[in-house]
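Every number in this text was worked out from the coordinates using simple rules, so none of it is lab data. What you are looking at is a predicted structure, and each value in this text was computed from that prediction instead of being measured. Neighbour counts are summed over all protein chains in view; Cβ atoms, including those assigned to glycine, are modelled from backbone coordinates with ideal geometry.
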Amino acid sequence: MLEQVHEGASLTVAIQSAPVTLRPAVQSITFQALRRGFWVHEVLNQYLQKTPPGLTKYLLWAAIALIPEKDREPMYTTHTLVNEAVNATYLDKNMSYAKGLVNAILRRILRSPDIYKDISEDDNPSYPAWWLEKLKRSYPSEYQEIIRCSREKPPLIIRLNQRQLNTPEKIQSYHESLRAAEIGFVPLTTVANRQLVNTLHITKPVPVNQIPGFFDGSCSVQDAGAQLAAHLLAPSPKSRVLDACAAPGGKSAHLLELFDIQLDALEIDPLRAKRIEENFSRLSLSGGRVLVGDASDPKAWHKGELYDAILADVPCSASGIVRRHPDITYLRQEADIKNLQITQRKILTALWALLKPGGKLLYVTCSVFPEEGELQARWWLNSVSDAVRLDAPGQLLPSMDHDGFFYALFEKSKTH
Ligand SMILES: C[S@@+](CC[C@H](N)C(=O)[O-])C[C@H]1O[C@@H](n2cnc3c(N)ncnc32)[C@H](O)[C@@H]1O
């Protein structure tokens with residue numbers, strides 16, 4: 001996995017090549033290795049004269065990343081860690097020469113009392129220099145907290161499906177089923193001072209298949225920051241709504257759970273569009289129609305009436321969700337940000353033409369870069385004369401409760 005990500009593949013794609021039963025373990029180790037990758041490289045530079053070639057390098061990368069973090073519970077005992085790393089050298093003939101090396105280097109590092117002091121993880125976060133520079137420039141007092149958050153395991157937040165759990169008794173009984181399954185939770189009622197309903201923070205994350213009622217549609221996994229979208233757009237009953245970049249359908253489904261609307265969920269990628277269908281069907285939601293098409297080119301898919309409300313959850317750098325996708329900091333190039341900004345502007349321009357006068361458009365990214373957030377919102381207000389900016393949270397920086405998002409809400413003037 002590490003080799004594939006290093007060569008430019010996304011982890012979501014690469015992980016498909018792992019046997020299904022091993023995927024959770026492979027993912028957990030790969031995530032840890034990516035989250036600590038730059039620190040591991042510094043450690044290797046200092047403890048080895050020459051980085052070993054091929055798979056041995058990646059084996060050492062993974063093993064060193066599993067060394068306990070400063071002041072944290074170890075994932076594995078040091079004995080297991082060294083043994084398993086050495087055993088792994090037998091799995092590929094190109095690594096068999098490295099048995100002694102892997103054993104010696106891991107033992108040396110583990111014996112070194114000053115490792116965390118000499119090679120600080122704070123000084124070696126897993127970000128390229130341009131990204132760090134951007135964070136420091138945009139958030140001089142918050143950037144260290146952003147980096148710290150990206151090293152943490154993300155919170156598991158669920159949203160109860162209020163079409164199914166539609167009485168206080170049913171919600172209570174769902175809470176009971178979580179307790180019976182020994183899944184701890186805390187209701188989360190606000191994010192960025194905005195109200196959330198039926199949002200639970202699962203205190204010790206469990207795989208989705210262990211969440212009671214998940215496959216029957218009782219709930220969905222959705223970050224608390226993402227749950228703001230439906231509440232902010234708040235479409236009127238019977239209105240026509242477009243979710244323009246919809247897969248896998250988390251925000252579309254939330255809209256259908258909360259409001260009686262006619263929703264078009266548009267997605268450019270046909271395979272991802274299927275995920276929206278699956279989600280609607282798992283949650284037994286009606287009122288939604290899935291369309292495959294390009295939001296920046298509506299001629300191909302839009303016929304008929306304009307929309308009362310549009311959700312534009314545009315493609316972005318995903319710099320606000322690094323802890324959920326730690327491969328992003330390895331894959332993203334600086335030039336991507338400019339290209340994404342151009343794409344976002346094209347999409348916003350095309351969607352505005354589909355909005356009724358008096359209608360609302362919610363612009364969303366899961367980025368922390370102002371180029372994709374606040375600067376885009378200001379650019380939009382300067383570009384058109386019929387947009388009014390309404391109250392919305394703007395930039396949400398990642399925290400222990402939620403991921404990083406940007407929200408700007410616009411209304412299209414009626415008289416123009
Ligand atoms: C940030 S994700 C959307 C997440 C989704 N709103 C949710 O809450 O589940 C962006 C999605 O937009 C899709 N996309 C990218 N460019 C697009 C375009 N030009 N038109 C429509 N969809 C696009 C991507 O394939 C991706 O599925």
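Summary table
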{"read-out": "Options Leu91, Trp379, Thr167, ranked by Cα towards positive dipole end of the chain, top entry (Cβ charges)", "value": "Leu91"}
{"read-out": "Full-extension gain in nm, Arg107 to Glu42, via 0.36 nm per residue minus C-alpha separation", "value": "21.7 nm"}
{"read-out": "Approximate spin-label separation His175-Phe215, in nm, with each point projected 7 Å along Cα-to-Cβ", "value": "2.8 nm"}
{"read-out": "Dipole-positive endmost among Phe31, Ile183, Leu256 within the chain (Cβ charges, Cα centre)", "value": "Phe31"}
{"read-out": "Highest to lowest packing among 59-69, 387-397, scored as the average C-beta count within 10 Å", "value": "59-69, 387-397"}
{"read-out": "Relative contact order (percent, whole number), the chain, Cα cutoff 8 Å, 6+ residue spacing", "value": "14 percent"}
{"read-out": "Of the DSSP H helices in the chain, those whose Cα atoms cover at least 27 Å axially and whose Kyte score averages 1.6 or more", "value": "none"}
{"read-out": "Binned Cα-Cα distance frequencies in segment 36-118 - 10 Å width, integer %", "value": "17, 57, 24, 2"}
{"read-out": "Other-chain or far-sequence residues with amide H under 5 Å of Gly225's (modelled H)", "value": "Asp403"}
{"read-out": "Cα-centred dipole magnitude for segment 110-163, charges only on beta-carbon of K, R (+1) and D, E (-1), debye, nearest 20", "value": "440 debye"}
{"read-out": "For segment 1-60 and segment 343-383, distance of Cα centres in Å", "value": "37 Å"}
{"read-out": "Computed over segment 224-412, Kirkwood Rh from alpha-carbon pairs, angstrom", "value": "16.6 Å"}
{"read-out": "About the Cα centre, charge dipole magnitude for segment 224-412 (Lys/Arg +1, Asp/Glu -1 at Cβ), debye", "value": "260 debye"}
{"read-out": "Set of lysines with alpha-carbon distance to Lys93 below 25 Å, sequence-local pairs under 8 removed", "value": "Lys50, Lys57"}
{"read-out": "Gly394 long-range amide H proximity, modeled H, under 5 Å", "value": "Tyr407"}
{"read-out": "Spin-label pair Glu305/Gln333, simplified geometry with 7 Å Cα→Cβ offset, distance in nm", "value": "4.5 nm"}
{"read-out": "Kirkwood Rh, Cα atoms: Rg over Rh of segment 179-267", "value": "0.99"}
{"read-out": "Total charge dipole magnitude, segment 155-221, about the Cα centre, Cβ charges on Lys, Arg, Asp, Glu only, Debye to nearest 20", "value": "220 debye"}
{"read-out": "Convex hull volume per residue for the chain, taking Cα atoms only, in Å³", "value": "155 Å³"}
{"read-out": "Full-extension gain in nm, Arg163 to Thr343, via 0.36 nm per residue minus C-alpha separation", "value": "61.3 nm"}
